[in-house]
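Since the structure comes first, as structure tokens, the remarks are kept for the end.
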Amino acid sequence: MIDHPNIIKIYEYLESDKNCYIVMEYFEPIDWSLIYDEFTLWHIVVQILSGLKYLHESIKICHWDLKEENILVNSKGEVKLIDFGLAKNF
């Protein structure tokens, strides 16, 4: 199980004939356009790198789809990586 403060928690994965459902932790992101000072950006980058380091070293996963839509930031400055649909084990 993936357990890191910068990775979204997935509680359950369900499949039916035509659909799949992922139950994950609630995380209310803010709009990226509200983030503009260097200190805040540096804080976000450090958290992104921490999450990626965990995935790479502990879980042996590469997140191949890292983009703005897959990085959530909330009003407290907490960062969570999401969407491992294209993640690959190495």
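The values are calculated or read from the model by the stated rules, or taken from the named source; none is laboratory data. Only a predicted model underlies this, so the values are computations on that prediction, with no experimental measurement involved. Cβ sites come from the backbone with ideal geometry, for glycine too, and all protein chains shown count toward neighbours. These accessible areas exclude ligands, DNA and RNA; they are computed on the full protein's heavy atoms, side chains included. Shrake-Rupley method; radii C 1.70, N 1.55, O 1.52, S 1.80 Å.
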Checklist entry - Can you give the helix-only mean residue ellipticity at 222 nm for the chain, where every DSSP H stretch with n ≥ 4 adds -39500 (n - 2.57) and the sum goes over all residues, rounded to the nearest 500 deg cm²/dmol? => result -6500 deg cm²/dmol
Checklist entry - What are the lysines whose alpha-carbon lies under 24 Å from the alpha-carbon of K53, with same-chain residues fewer than 8 places away excluded? => result K9, K67, K76, K80, K88
Next on the checklist: With an 8 Å Cα cut-off and a minimum separation of 6 or more residues, compute the relative contact order for the chain in percent.
Outcome noted: 32
Checklist entry - Given the Cα-Cα distance of W42 and I59 and 0.36 nm per residue of separation, how much length would full extension add, in nm? => result 3.6 nm
Checklist outcome for this item: Computed over the chain: longest principal axis from alpha-carbon atoms vs helix 38-54 long axis, angle to nearest 10 degrees, is 30
Checklist entry - What net charge is computed for the residues neighbouring P29, neighbours being all others with C-beta under 12 Å from the C-beta of P29, Lys and Arg scored +1, Asp and Glu -1? => result -3
Next on the checklist: In Å², and per residue, what accessible area does the chain have when probed at 1.4 Å with the other protein chains present?
Outcome noted: 74
Checklist outcome for this item: With a 1.4 angstrom probe the carbon and sulfur portion of accessible area for the chain, in percent, totals 57
